[in-house]
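Asker: One structure is given below, represented as structure tokens, and several questions about it will come after.
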Amino acid sequence: QVQLVESGGGLVQPGGSLRLSCAASGSTFSIYGMGWYRQVPGEQRDWVATITQRRSTNYADSVKGRFTISGDYNKNTVYLQMNRLRPEDTAVYYCYAATRAMTSWGPGTQVTVAS
């Protein structure tokens, strides 16, 4: 099983930047992809970005060109660099790790974009 812990959330003004981190532990050798989702209270959880073992990346249209996902596999950590943040990016951001057996989730980190 894989355990995940996110960090780096907080309050930022529109146009600002934040970097989220997601540290994985446990059966990390079995991970073939990691990424981020986000969720606003009362709404569904939306996919944001994914990075594979081979470092292939994909992004939701709403964040393409503003967010960058990267991984430091020596540290079993994935990052989400978020630039030009907008109020509509406000959400709880959840890291996930996918293995063939299951998908594991972190507890989430709050990102608030407001003046």
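The values are calculated or read from the model by the stated rules, or taken from the named source; none is laboratory data. These numbers were taken from a predicted model, which means no experiment stands behind them. We place every Cβ from the backbone using ideal geometry, glycine too, and count neighbours over all the protein chains shown. Protein only, heavy atoms only, side chains kept; ligands, DNA and RNA dropped before computing areas. Shrake-Rupley method; radii C 1.70, N 1.55, O 1.52, S 1.80 Å.
Asker: List the trypsin sites (Lys or Arg not before Pro) within region 1-68 that fall in a DSSP loop (any state other than H, G, I, E or B) and whose Cβ has at most 15 other Cβ atoms within 10 Å.
Answerer: Numbers: sites: Arg19, Arg38, Arg45, Arg54, Arg55, Lys64, Arg66; in loops: Arg54, Arg55, Lys64, Arg66.
The qualifying sites are Arg54, Arg55, Lys64, Arg66.
Asker: Here's a follow-up. In whole percent, and with a 1.4 Å probe on the protein chains, what portion of the accessible area of the chain is carbon and sulfur?
Answerer: Details: 2950 of 6250 Å².
That fraction is 47 percent.
Asker: Mind telling me which of Asn74, Asn83, Asn58 comes out most flexible in a GNM of the chain, alpha-carbon contacts under 10 Å?
Answerer: Looking only at Asn74, Asn83, Asn58, the largest GNM fluctuation is found for Asn74.
Asker: Same structure again: Across region 30-36, in residue order, what do the Karplus-derived ³J(HN,Hα) couplings come to in whole Hz, using 6.51 cos²θ - 1.76 cosθ + 1.60 with θ = phi - 60° and x for Gly and Pro?
Answerer: Per-residue couplings from phi come out as 8, 6, 10, x, 9, x, 9 Hz.
Asker: Further question on the same structure: With springs only between Cα atoms under 10 Å, which of Trp105, Trp36, Trp47 fluctuates most in a Gaussian network model of the chain?
Answerer: For the chain, modelled as a Gaussian network with Cα springs under 10 Å, the answer is Trp47.
Asker: Please list, ordered by chain and number, the residues whose modelled amide H lies under 5 Å from the amide H of Arg84; skip anything fewer than 5 residues away on the same chain.
Answerer: Result for Arg84 returns nothing.
Asker: Averaged per residue, what accessible area in Å² does the chain show with a 1.4 Å probe, protein chains only? Present the calculation step by step, with values, prior to reporting the outcome.
Answerer: Numbers: 6250 Å² over 115 residues.
Roughly 54 Å² per residue, with all protein chains present.
Asker: Okay, next question. Under a GNM of the chain (C-alpha, springs under 10 Å), which listed residue has the highest mean-square fluctuation: Ala23, Ala97, Ala49?
Answerer: Ala23
Asker: May I ask you to give the average projected area over all directions of the convex hull of the Cα atoms of region 20-65, in nm² rounded to one decimal?
Answerer: 4.4 nm²
Asker: So if I take the alpha carbon set of region 75-115, get Rg, then get Rh from the Kirkwood formula, what is the Rg over Rh ratio?
Answerer: Numbers: Rg = 13.0 Å, Rh = 12.2 Å.
Ratio of gyration radius to Kirkwood radius for region 75-115: 1.07.
Asker: Evaluate the charge dipole of the chain about its Cα centre and quote only its size in Debye, nearest 20, assuming +1 on the Cβ of each Lys and Arg and -1 on the Cβ of each Asp and Glu.
Answerer: Working: 11 positive and 7 negative charges, 64 e Å.
Once rounded to the nearest 20, the dipole reads 300 debye.
Asker: Which value, to two decimals, describes the C-alpha radius of gyration of region 2-107 once divided by 2.2 N^0.38 Å?
Answerer: Taking the Cα Rg and dividing by 2.2 N^0.38 Å, one obtains 1.02.
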